[in-house]
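Structure first, commentary second.
The values are calculated or read from the model by the stated rules, or taken from the named source; none is laboratory data. Quick caveat, the model's predicted, so the values are computed rather than measured. A quick note on method: Cβ atoms are made from the backbone with ideal geometry, for glycine too, and the neighbour counts reach across all protein chains shown. To get the accessible areas, we keep the full protein, side chains included, count just its heavy atoms, and leave off ligands, DNA and RNA. Shrake-Rupley method; radii C 1.70, N 1.55, O 1.52, S 1.80 Å.
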Amino acid sequence: MKSLAILGSTGSIGVSTLEIVAAHPERFRVAALTAGRNLTLLEQQVRAFRPELVAVPDTVDAERLRARLGAGAPRILSGRDGLISCAADSGARMVVSAIVGAAGLEPTLAAIEAGIDVALANKETLVAAGEVVMAAVARHGIHLFPVDSEHSAIFQSLAGHRKDDVRRLILTASGGPFRDRSAAELELVAPAEALAHPTWNMGQKITIDSATMMNKGLEVIEARWLFDLPPDKIAVHIHPESIVHSMVEYVDGAVIAQLGIPDMKTPIALALSWPERLALDLPPLDLCRLGRLHFREPDDVRFPCLALAYRALRSGGTAPAVLNAANEVAVEAFLDSRLGFAAIPRVIAAVLDRQAAGPADTLAAVLAADAAARLTARTLIATEFGGSR
Ligand code: NAD
Ligand code: MG
């Protein structure tokens, strides 16, 4: 019986994780749950899964949740410390890191520091603080399992092979809902359209990131840290069907890929149960019915975010943390209709131009770079770039 602490349990990944837990009660138990604001769903989850520890960011929300749950309420914590306690002190054998954004960094690091294995969905953690996180993983000898479908595919495609024999990783990208729009059309994209993703059903922030291609940029940086390969050994192919989840090309020309229908339960389940596989009740992949799969090069002119991510990765140090923070602020402004879609990469590029990269070997340095980048991005959106729709 493996006990889990699920951070971000009310989100898309959190809910899928709990569905897997519910389908395999003989394998998993929930020790802790944390969520942001959706108290109604969190209350249902607490009643169904009976964790010993729960945390929400807001103290008033914690009080309200306690009142709703009454006598059967578990320990309910709040704030940053509550979140960190759920990550590190619940007694869980694995933490599922599924908060969105850099807010997931400190709890994920706390889990690693406590010697707990992590199933990592929260890619922003590795983007912002890859050096610090991977050093902690090595120091504590924990397993860090990728949940992101591309990285899970690469993890599977690397199994049984020597890293020295890898020529390159090929991450696939759906290209998002606007892959065929012109640059002029991209200027006019509204939040509601951007939130309708063609193949994956995900949280709002990652859905926008997929539409701008920043999601793939973040994933290139995530891959750099997870698999310890330089940026020139990480390529991206647009693959609209999202069936080939990613590939590894070896020096002898062999390419190993992992395929499947686009459903996050497959990579989540593998992270929970590796090296075993859990039986999942998903429709099978029917390649004959699909008939064809398509691949093409990404377009850096219409979608500059991917190139910005490579630029930040090559600059190194705090540059990826700056990129990530500027992106979070820009995406939020876009969702609020304070910033145009095509201005998202412009804001990020301007923040990267203004903030020199420094060393990113401590959590404090990363958090300081993140905070400075957020401030610059907010100022730029309120002045030069805002009101562009
Ligand atoms: P989501 O928005 O659906 O859920 C996010 C969860 O985090 C929710 O439970 C929310 O309440 C909580 N949360 C948000 N802000 C918080 C804060 N400041 N403090 C505490 N809790 C907070 O997001 P998602 O789509 O489930 O994605 C989660 C992470 O997984 C992201 O990093 C995303 O990039 C990654 N990911 C998601 C998918 C997917 O299919 N959804 C695929 C690959 C990777
Ligand atoms: Mg992905």
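Can you check what the Kirkwood hydrodynamic radius comes to for the range 189-255, Cα pairs only, in Å to one decimal? Evaluated on the range 189-255, it is 13.7 Å.
Listed by chain and number, the lysines whose C-alpha is less than 28 Å from the C-alpha of K2, apart from same-chain residues fewer than 8 away, are K123, K265. The heavy atoms of V347 offer some 0 square angstrom of accessible surface to a 1.4 angstrom probe.
Charge dipole of the range 12-80 (Cα centre as origin; +1 on each Lys and Arg Cβ, -1 on each Asp and Glu Cβ, all else neutral): 100 debye, rounded to the nearest 20. Here the contact order of the range 247-291, divided by its residue count and restricted to Cα pairs under 8 Å and six or more residues apart, works out to 28 percent.
Of the residues A192, V21, V351, the one whose Cα sits farthest toward the positive end of the charge dipole of the chain, with +1 on the Cβ of Lys and Arg and -1 on the Cβ of Asp and Glu, is V21. Ligands, DNA and RNA left out, the 1.4 Å accessible surface of the range 288-389 is 54% carbon and sulfur atoms.
The largest accessible area among F295, F28 belongs to the first residue in F295, F28, and the rest follow in falling order (1.4 Å probe, all chains).
Label sites at E297 and L280, each approximated as a point 7 angstrom past Cα along Cα to Cβ, lie 3.4 nm apart. Size descriptors for the range 133-189 (Cα atoms only): Rg and Dmax, in that order, 17.7, 50 Å. Taking M213, M264 and ordering them by how much accessible surface each has at a 1.4 Å probe, largest first, produces M264, M213.
In this simple spin-label model, placing a label point 7 Å from the Cα along the Cα-to-Cβ direction at both L188 and R64 gives a separation of 4.0 nm. From largest to smallest, the equivalent ellipsoid semi-axes obtained for the range 1-160 from the alpha-carbon gyration tensor read 26, 17, 14 Å. Derived from the Cα gyration tensor, the three semi-axes of the equivalent ellipsoid of the chain are 30, 26, 21 Å, largest first.
Across the chain, the mean sequence separation of Cα contacts (distance under 8 Å, 6 or more residues apart), normalised by length, yields a relative contact order of 15 percent.
Protein-only accessible surface at a 1.4 angstrom probe places the residues E219, E332 in the order E332, E219, largest first. Each Lys and Arg adds +1 at its Cβ and each Asp and Glu adds -1 at its Cβ; summed about the Cα centre, the range 94-220 shows a dipole of about 300 debye.
Under 25 °C and 0.890 mPa s, how fast does the range 1-40 diffuse according to Stokes-Einstein, given a Kirkwood radius computed over C-alpha pairs? Answer in µm²/s, whole number. Value of D from the Cα-based Kirkwood radius: 239 µm²/s.
Cross-link partners of K163 among lysines, defined as those whose alpha carbon lies under 18 angstrom from its own and excluding same-chain residues fewer than eight positions apart: K233. Based on the convex hull around the alpha carbon atoms, the range 266-375 presents an average projected area of 11.3 nm². In the range 276-389, taking the dipole from charged Cβ atoms about the Cα centre, the farthest positive-side position among F341, L282, Y310 is held by F341. With a 10 Å cut-off between alpha carbons and a GNM built on the chain, which of A364, A325, A196 moves the most? In this elastic network of the chain, the residue with the biggest mean-square fluctuation among A364, A325, A196 is A364. Per residue of the chain, the DSSP helices (runs of n ≥ 4 H) give a summed -39500 (n - 2.57) that works out to -14000 deg cm²/dmol at 222 nm. Average accessible surface for the chain: 41 Å² per residue, computed with a 1.4 Å probe over protein heavy atoms with every protein chain in place. One decimal place: the segment A356-A71 gains 97.3 nm when fully extended, by the rule 0.36 nm per residue minus the C-alpha distance. Distance between the C-alpha centres of the range 17-89 and the range 271-285: 25 Å, rounded to the whole angstrom.
Separation of the range 296-352 and the range 227-251, taken as the distance between their Cα centroids, equals 20 angstrom. Under a model in which nothing but the beta-carbon of Lys, Arg (+1) and Asp, Glu (-1) is charged, the chain shows a dipole of about 360 debye around its Cα centre. Summarising the strand pairing of the chain, around 30 percent of its internal DSSP beta bridges are antiparallel.
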